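Here is the structure we will look at, set down as structure tokens.
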Amino acid sequence: MSLELGELVLLMLIFFGIAVLYSSVGFGGGSSYLAILALFFTSFFVIRSTALLCNLLVVSGSCYLFYKKGHLHFKKFLPFIITSVPFAFIGASFRLKEDIFFSILGVSLIIAAIALIMQTINIKSNYNPKNYSKYVPHILGGFIGLLSGLVGIGGGIFLAPILHQMKWDKPIIIAALASFFILVNSISGIGGLVVNATFKVLWPETIGLIVAVFIGGQVGTRFTLSKLSAKRIRIITAILVLFVGVRVLFNNGLQINFFS
């Protein structure tokens, strides 16, 4: 075990909170897991692998709930999945240098934080979905799948805000798609890491974190937060992700110690 018991307990509590929040809106929390893990571990293989495992546990419960309520429209989601799965596998297969990985991770976290803020501010409960070319889902799925594989997240936090801005469908359908998108891309990303022998986890810590996010995910999918509370918590989470993203970019990626 590379963490002290107190550090592990603190990390588990943080991951539990992240899982509760993100699972309640159909996300896995991968961007926040990466942000927090980057503060505790230096190996980007461990960071990517652990975040993907935690993502997988959380969205599995969310997908089950969406399926029971009839919101998982597999035929409509398929165009996104067809391109995202292979590209997530390819992205996870890259053996990036540590500084390049952390640079991509930092920029991705910053974008994720901004996207989360924009989604929270602009999301509307009632609007008429628009029709787009059949190629749009394939392009979005492939691009976000590649990025998610590179940095070790499911990609839902990128996909959902874009689809909300496009008015692609109702918010509940977009949330269901984001959850399913994260699920399949997390599996694909783990597969890419395993094939290239870069799947690295510290099992004592990882088991504890898996338990924390599993319980948190179950809580989040069963208890609905009020809109006001959810919005405030999302903004707070986005600010945290933004701060850590900037810190990771400068300290670990560019190796400029502005945020020690």
Quick one: grab the alpha carbon gyration tensor of region 86-176, order the square roots of its eigenvalues as a ≥ b ≥ c, and give me rounded if a/c is under 1.5, else prolate or oblate depending on whether a/b is larger than b/c.
-> oblate
Taking only protein heavy atoms and a 1.4 Å probe, the highest-to-lowest accessible-area order of GLU7, GLU205 is GLU7, GLU205
So which helices of the chain fit the span-like rule, where a helix is a whole DSSP H run, its Cα atoms reach 24 Å or more along the axis, and its mean Kyte-Doolittle is at least -1.0?
-> 5-23, 44-68, 74-93, 98-122, 135-151, 171-195, 203-222, 227-247
Given backbone amide H placed at 1.01 Å from N, residues whose amide H is under 5 Å from that of LEU202, ignoring those fewer than 5 places away on the same chain, are none
What's the center-to-center distance, using Cα atoms, between region 62-90 and region 107-170 in Å?
-> 14 Å
Using per-residue counts of other Cβ atoms within 10 Å, averaged over each peptide, order 135-141, 197-203 from highest down.
-> 135-141, 197-203
Rounded, prolate or oblate: pick one for region 145-220, where a ≥ b ≥ c are the square roots of the eigenvalues of its C-alpha gyration tensor, a/c under 1.5 means rounded, and failing that, prolate if a/b is larger than b/c, else oblate.
-> oblate
Pop out the carbon and sulfur fraction of the accessible area of region 1-157 as a percent, whole number, probe 1.4 Å.
-> 69 percent
Enumerate the whole-percent occupancy of each 10 Å bin, from 0 to the last occupied one, for all C-alpha pair distances of the chain.
-> 8, 33, 39, 17, 3, 0
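At 222 nm, what helix-only mean residue ellipticity would the chain give, in deg cm²/dmol to the nearest 500, using -39500 (n - 2.57) for each DSSP H run of four or more?
Per the formula, -25500 deg cm²/dmol.
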With the 1.4 Å probe rolled over protein heavy atoms, the chain has an accessible area per residue in Å² of 46 Å²
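The values are calculated or read from the model by the stated rules, or taken from the named source; none is laboratory data. Here the structure is a predicted model, which means the values were calculated and not measured. No Cβ is skipped: glycine too gets one built from the backbone with ideal geometry, and neighbour counts run over all protein chains shown. Keep in mind that these areas ignore ligands, DNA and RNA; they rest on the heavy atoms of the full protein, side chains included. Shrake-Rupley method; radii C 1.70, N 1.55, O 1.52, S 1.80 Å.
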